[in-house]
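J.: Shown below is the structure under consideration.
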Amino acid sequence: MPLFRRDAARREATPLDGVDTVLADLDGVVYAGAGAIPYAVESLNRARSGARIGYITNNASRTDASVAAHLSELGLPTRPDEIVTSPQAAVRLLAERVAPGATILVVGGDGLIDELTKAGFAVTRSADDAPAAVVQGFAPEVDWKQLAEAAFALQTPEDEGGIPWIATNTDWTIPQSRGIAPGNGTLVSAVHTAVGRLATVAGKPETPIFEEAVARFDATSPLFLGDRLDTDIAGASRAGMRSVLVLTGIDRPKHVLAAPAGSRPDYILADLRGLFQPYPTVVTDGDRVTVGSSTVRVDGAHIVIERAGDQLDLLRAGARAIWDSGRAIFGFRVPEQLYADPFRSR
Ligand SMILES: [Mg+2]
């Protein structure tokens, strides 16, 4: 019995240990296009037995109800109030800045109009209606006329009495089935170029969307799951949340190694099954970093693989060695094996 207890105490924790709320990004974490990412559905259903699950998306063109229906179809029974969208975060910001029921000029589509209406705001498409604020989110139907109305409404700088301008998110690109297309950041930038003002951003990597999620789920020990370092991981870090980077989406091992301070995940997983697996402790001995079966050493400008071990442990060890060196990755000679990418095909 004492032996059993000692073994149990020595067991390495899983990323889910102590977590009361799992907050997951969607694209690249749960689904890619219409289809589910391998192991995502079963892992999130399993995680549900011990934690609340919420989903966070910067995508402003879909309503929470349509996202919930999509997830339910994929085998993740989900209610609309379990989806936190960037329009909801934008409404939260808006409520701090304008009077209840104020008229808001909308650049965007149904996802945004739905949230503004639910929150009791009146919606207009014209700068001539003396809007109290401009809210801008992506929708495929956003055109020059909508951008121009926003510009007309935002002629006066905010510190000279101009109205607030809130962007749901500033993702530069939006992946489409036919390729990469301009995202909301590009369209916000078009208005910025015309008026010389900067929008306040609600979505990742800014904190309002994370604050909305924490409030909604009453989270005290949340864990964020994301596939992008610059939005998911940076945002979670700013919001003071632990984070998982899962290698099923956008960012690849070479991006992990090069991640700047502030965009470094607490856990690196190949897929979401890793949430339930003991996460190997990082052991640092001088310039040598060991994670599980892999050991990497910093030797001047060289990153030396002493023991390759498992490819995922190797990436974890290499990342820690580079991150903890306090030096930029460009100063190192990094062996290709360190950023091999067998994870994409899983
Ligand atoms: Mg994503």
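The values are calculated or read from the model by the stated rules, or taken from the named source; none is laboratory data. Remember, it's a predicted structure, so these values are computed and weren't measured experimentally. Glycine also receives a Cβ, built like all others from the backbone with ideal geometry; neighbour counts cover every protein chain displayed. Please note that ligands, DNA and RNA were not included when accessible areas were found on the heavy atoms of the full protein model with its side chains. Shrake-Rupley method; radii C 1.70, N 1.55, O 1.52, S 1.80 Å.
J.: Please calculate the 1.4 Å probe accessible area of K254, with all protein chains present, and give it to the nearest 10 Å².
T.: 120 Å²
J.: For the full complex of protein chains and a 1.4 angstrom probe, list W172, W165, W144, W323 by accessible area with the highest value first.
T.: Ranking W172, W165, W144, W323 by accessible area, largest first, yields W144, W172, W323, W165.
J.: With a 1.4 Å probe and every protein chain left in place, work out the accessible area per residue of region 81-192 in Å², rounded to a whole number.
T.: Dividing the accessible area of region 81-192 by its residue count gives 45 Å².
J.: What is the diffusion coefficient of region 215-303 in µm²/s, taking the Kirkwood radius over Cα pairs and the Stokes-Einstein relation at 10 °C with a viscosity of 1.306 mPa s?
T.: It diffuses with D of about 110 µm²/s by this estimate.
J.: Still on this structure, please answer the following. What residue among V296, V282, V214 shows peak mean-square fluctuation when the chain is described by a Gaussian network model with Cα springs under 10 Å?
T.: Most flexible of the set in this elastic network: V282.
J.: If you don't mind, another one. Hey, can you rank 219-226, 261-268, 124-131, 78-85 by average C-beta count inside 10 Å, highest first?
T.: Packing order, densest peptide first, comes out as 219-226, 78-85, 261-268, 124-131.
J.: Ignoring everything but the protein chains, give the 1.4 Å probe accessible area of E211 in square angstrom, nearest 10.
T.: We get 90 Å² for E211.
J.: What length, rounded to one decimal in nm, is gained on full extension from K118 through to D266, with 0.36 nm per residue of separation minus their alpha-carbon distance?
T.: 49.6 nm
J.: Sticking with this one: Ordering F276, F330, F210 by accessible area with a probe of 1.4 Å, largest first, what comes out?
T.: F330, F276, F210
J.: Based on alpha-carbon atoms only, what is the radius of gyration of region 87-201 relative to the globular estimate 2.2 N^0.38 Å?
T.: 0.99
J.: Hey, any idea what % of region 282-338's accessible area is carbon plus sulfur with a 1.4 Å probe?
T.: About 46 percent, which is the carbon plus sulfur part of the accessible surface.
J.: So for the chain, averaging the separation of alpha carbon pairs under 8 Å that are six or more residues apart and normalising by length, what relative contact order in percent results?
T.: Taking the mean separation of contacting Cα pairs over the length of the chain, I get 16 percent.
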